[in-house]
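The structure appears below as structure tokens.
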Amino acid sequence: MTTPLTNPADPWTPATAEKATGAKLTLRPVLIDTYYENVAYLHKDCDIYRAEGFQALSKVEVHAEGHRILATLNVVEDTAIVSCGQLGLSKEAFAHLGLPQGHVVSVRQAEPPASMGALHRKLDGERLGLDDLRGIVRDIANHRFSKMELAAFVVATNRDEMDREEVYFLTQAMVEVGQQLDWHETLVVDKHCIGGIPGNRTSMLVVPIVAAHGLLFPKTSSRAITSPAGTADTMEVLAQVELPMDKLQDIVRTHRGCLAWGGTASLSPADDVLISVERPLALDSPGQMVASILSKKIAAGSTHLVLDIPIGPTAKVRSMPEAQKLRRLFEYVAHRMNLALEVVITDGRQPIGQGIGPVLEARDVMRVLENDPLGPVDLRQKALRLAGRLIECDPDIRGGDGFAIARDILDSGRALAKMRDIIHAQGPTAFDHQHPHLGHLSFEVCANAAGVVVGLDNFQLSRIARLAGAPKVQNAGVDLVCKLGAEVIVGTVLYRVYASFAADLEFAKQACAQHNGYTIGAATDLPHVFVEF
């Protein structure tokens, strides 16, 4: 069911490696997380460093016995990192190369990326064709570009917004360079949100509801990059999410669904590299967003997708015209890629649910699944509506009946049973959602004026939760008490912040002192939003 694709633009083979000259060095892992970048370390006094004319930050090729990676060279002076005669590799690079410590490897200067000319044309504002973008994406996936060159590409496509044909070409190219899953079924569903709304863990409810109905729903999700929790981070509170591909496939065949981290699947690998550059630059261009989301869904074998675009004052999309423009771009590319897509525009004025952070969000999800009166109503209702839309992809279901079917599956306990099956299959943790272990350090944020809650800043509340330690510290985060429309007086608790380390707690306190993320006003000041549910 997993089909690895060859790379026609990369002529390297073990045979060509044998012919290649290259300096011989002993491999050493360097335990540094370089985040989607292969980095090699060479001592400055190494004879090979001078003889081969290596330069810091240049690209080198490391190979031995059919294994090969490209890496960015860092030159060090500390023999505790690498000594002469050794080549150090970062955690990412060492894992990619797949050879043991002490193995003899060859290293040589890497050839310049073949697509550099296309990159330069994009920097000049030219429109690129499919072959141009195929070349760029292949070189990105093969780590041929430096971070500076990647940043140039990301900025160029953001500055001179790609037209819809270029976005389609980019999506097609990103699908082609990774693995593509084939589930051998005519109907494979998925659901995705463009992000920006904390606590929005609807996927963890939609998957068990839709899978309990019988539709195939292989949900591979990402970890948080700039948010306090991604779906994979929250699911990891309940079960293992880093699954070998064969185990993931067995789970999906048996239980009709999964909730796993997508990093092990090599689906659209160029996207992961691009994201590692986009997020530090705080760039999220529409074209890159569309290509990123759709390439991974198509590579995962999805045939039908429901896409959630939240709009609100502090959401990624802040107006209906902007949402409609983005919808049209998604629909155009999805149609060209033969993906059935339904876009829904939802309320993004505030976080969904009560908790922000892995443990708190897992608590909210389980409360909804158990039909607990404490379960957040907004999380329940949004998940039911999204699940209903996916259920209506079933040709045996009449349009408009999906919501009622989803509600029955949830109310009857079938969704809870399905979630328990998936958790057991993936590997359960010892998490007690009825008595979640939260960070032992905490403080309350209270209203400093009387009135009505008329604004919650998604970005600031996410920032506070991250400063408190989420998602790295699973039991850190923000637990909301008041939402939009709540009447408050001076001293009313708005939310509680949990942390496990004193420094994290202090960072979160300082952020709250600057801006606690809440606006108190009159009921007439409540922001309006137009949604399609």
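The values are calculated or read from the model by the stated rules, or taken from the named source; none is laboratory data. In this text, all values refer to a predicted model and were calculated from it rather than measured experimentally. Using ideal geometry, Cβ is built from the backbone for each residue, glycine included, and neighbour counts are taken over all protein chains shown.
Candidates are the residues of the range 251-290 that are modelled with pLDDT under 90 and β-branched (Val, Ile, Thr); the one that is farthest from ASN38 (Cα to Cα) is THR264. Select from the range 217-237 the residues that are surrounded by fewer than 24 Cβ atoms within 10 Å (Cβ to Cβ) and among the aliphatic types (A, V, I, L, M) and list them in ascending order. If the condition is that a residue be surrounded by fewer than 24 Cβ atoms within 10 Å (Cβ to Cβ) and among the aliphatic types (A, V, I, L, M), then ALA224, ILE225, ALA232 are the ones that fit.
Scanning the range 155-171 for residues that are buried (at least 20 other Cβ atoms within 10 Å of the Cβ) and of a type in the set (Val, Ile, Thr) gives THR157, VAL167, THR171. VAL105 satisfies every condition listed in (1) on the phi > 0 side of the Ramachandran plot; (2) modelled with pLDDT of 90 or more except (1).
For the range 342-439, which helices (runs of 4 or more DSSP H) that fit wholly inside it have 3 or more residues that are closer than 30 Å to ASP504 by Cα and in contact with a Gly (Cβ under 7 Å, 6 or more places away or on another chain)? Talk me through it step by step, then tell me what you get.
Details: elements: 358-369, 377-391, 402-411, 414-426.
Of the helices (runs of 4 or more DSSP H) lying wholly inside the range 342-439, those with at least 3 residues that are closer than 30 Å to ASP504 by Cα and in contact with a Gly (Cβ under 7 Å, 6 or more places away or on another chain) span 358-369.
Of note, PHE533 satisfies the criterion of being in contact with a strand residue (DSSP E or B) (Cβ under 8 Å, 6 or more places away or on another chain) and modelled with pLDDT under 95.
Condition check ((1) surrounded by fewer than 23 Cβ atoms within 10 Å (Cβ to Cβ); (2) outside any helix (DSSP H, G or I); (3) among the acidic types (Asp, Glu)) across all residues:
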{"site": "GLU242", "(1), (2), (3)": "yes, yes, yes"}
{"site": "LYS247", "(1), (2), (3)": "yes, no, no"}
{"site": "LEU274", "(1), (2), (3)": "no, no, no"}
{"site": "VAL290", "(1), (2), (3)": "no, no, no"}
{"site": "LEU294", "(1), (2), (3)": "no, no, no"}
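The residues of the range 474-529 that are under 27 Å from the mean Cα position of the chain (by Cα), within 30 Å of ARG327 (Cβ to Cβ) and of a type in the set (A, V, I, L, M, F, W, C), listed by number, are LEU480, VAL529.
Condition check: of a type outside the set (Asp, Glu), assigned to a helix (DSSP H, G or I), touching a residue at least 60 places away in the same chain (Cβ under 8 Å) and in contact with a Gly (Cβ under 8 Å, 6 or more places away or on another chain). Does ALA470 satisfy that?
Numbers: of a type outside the set (Asp, Glu): yes; assigned to a helix (DSSP H, G or I): no; touching a residue at least 60 places away in the same chain (Cβ under 8 Å): yes; in contact with a Gly (Cβ under 8 Å, 6 or more places away or on another chain): yes.
For ALA470, the condition - of a type outside the set (Asp, Glu), assigned to a helix (DSSP H, G or I), touching a residue at least 60 places away in the same chain (Cβ under 8 Å) and in contact with a Gly (Cβ under 8 Å, 6 or more places away or on another chain) - is not met.
Looking at this structure, is ARG50 over 28 Å from the mean Cα position of the chain (by Cα) and modelled with pLDDT of 95 or more?
Values: over 28 Å from the mean Cα position of the chain (by Cα): yes; modelled with pLDDT of 95 or more: no.
Answer is no for this residue.
Looking at the range 21-44, can you tell me whether even one residue there is at pLDDT below 85, under 28 Å from ILE136 (Cβ atoms) and over 31 Å from the mean Cα position of the chain (by Cα)?
Our first condition is that a residue be at pLDDT below 85; within the range 21-44, this holds for 21-23, 35-36.
If we keep only those that are under 28 Å from ILE136 (Cβ atoms) too, we end up with 22, 35-36.
If we keep only those that are over 31 Å from the mean Cα position of the chain (by Cα) as well, we get 22.
Yes: one or more hits.
Sub-9 Å Cβ pairs linking a first residue in the range 379-404 that is under 16 Å from ALA340 (Cβ atoms) to a second residue that is of a type in the set (S, T, N, Q) and surrounded by 13 or more Cβ atoms within 10 Å (Cβ to Cβ), at least 6 apart or interchain, are LEU386/THR202; LEU386/SER203; LEU386/THR346; CYS393/THR303, ordered by first then second residue.
Going residue by residue through the range 131-147, is there one that turns out to be acidic (Asp, Glu), in contact with a helix residue (DSSP H, G or I) (Cβ under 7 Å, 6 or more places away or on another chain) and either loosely packed, with under 15 Cβ neighbours inside 10 Å or modelled with pLDDT under 90 (or both)? Steps first, answer last, please.
Applying the first criterion (acidic (Asp, Glu)) to the range 131-147 yields 131-132, 139.
This time we only want the ones that are in contact with a helix residue (DSSP H, G or I) (Cβ under 7 Å, 6 or more places away or on another chain), so: 132.
With either loosely packed, with under 15 Cβ neighbours inside 10 Å or modelled with pLDDT under 90 (or both) added as a condition, the list becomes none.
No, the range 131-147 contains no residue that is acidic (Asp, Glu), in contact with a helix residue (DSSP H, G or I) (Cβ under 7 Å, 6 or more places away or on another chain) and either loosely packed, with under 15 Cβ neighbours inside 10 Å or modelled with pLDDT under 90 (or both).
Yes or no, residue by residue, for (1) more than 27 Å from ALA465 (Cβ to Cβ); (2) modelled with pLDDT under 95; (3) in the same structural domain as LEU248 (by TED's automatic domain parsing):
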{"site": "THR157", "(1), (2), (3)": "yes, yes, no"}
{"site": "GLU161", "(1), (2), (3)": "yes, yes, no"}
{"site": "GLU166", "(1), (2), (3)": "yes, no, no"}
{"site": "GLN172", "(1), (2), (3)": "yes, no, no"}
{"site": "VAL188", "(1), (2), (3)": "yes, no, yes"}
{"site": "LYS191", "(1), (2), (3)": "no, no, yes"}
{"site": "GLY195", "(1), (2), (3)": "no, yes, yes"}
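Within the range 269-280, residues that are closer than 14 Å to THR226 by Cα and basic (Lys, Arg) have Cβ atoms under 8 Å from residues that are part of a helix (DSSP H, G or I) and at pLDDT below 85 in no pair, counting only partners at least 6 apart in sequence or on another chain. There is no residue in the range 68-78 that is modelled with pLDDT under 95, outside any strand (DSSP E or B) and surrounded by 21 or more Cβ atoms within 10 Å (Cβ to Cβ). Within the range 86-102, being surrounded by 14 or more Cβ atoms within 10 Å (Cβ to Cβ) and not acidic (Asp, Glu) holds for GLN86, LEU87, GLY88, LEU89, SER90, LYS91, ALA93, PHE94, HIS96, LEU97, LEU99. Scanning the range 189-212 for residues that are farther than 26 Å from LYS483 by Cα and surrounded by fewer than 24 Cβ atoms within 10 Å (Cβ to Cβ) returns no hits. Of the residues examined, GLY199 is one that is on the phi > 0 side of the Ramachandran plot and in contact with a helix residue (DSSP H, G or I) (Cβ under 9 Å, 6 or more places away or on another chain).
Can you find even one residue in the range 476-486 that is small (Gly, Ala, Ser), crowded, with 22+ Cβ neighbours inside 10 Å and assigned to a helix (DSSP H, G or I)? Lay out the reasoning, then the answer.
So in the range 476-486, the residues small (Gly, Ala, Ser) come out as 476-477, 485-486.
Add one more test, that the residue is crowded, with 22+ Cβ neighbours inside 10 Å, and what stays is 476-477.
With the extra rule that they be assigned to a helix (DSSP H, G or I), the set shrinks to none.
No, every residue in the range 476-486 fails to be small (Gly, Ala, Ser), crowded, with 22+ Cβ neighbours inside 10 Å and assigned to a helix (DSSP H, G or I).
In the set (1) touching a residue at least 40 places away in the same chain (Cβ under 8 Å); (2) within 30 Å of ARG318 (Cα to Cα); (3) touching a Leu at 6+ places or on another chain (Cβ under 7 Å), ALA152 fails one condition alone, (1). Annotation note: Cβ proximity below 9 Å between a residue of the range 417-432 that is within 13 Å of LEU259 (Cβ to Cβ) and a residue that is exposed (fewer than 14 other Cβ atoms within 10 Å of the Cβ) and at pLDDT 95 or above (sequence gap 6+ or interchain) occurs for ARG420/PRO428; ASP421/THR254; ALA425/THR254.
Determine whether the range 513-521 contains at least one residue that is part of a helix (DSSP H, G or I) and at pLDDT 95 or above. Yes; the residues of the range 513-521 include at least one that is part of a helix (DSSP H, G or I) and at pLDDT 95 or above.
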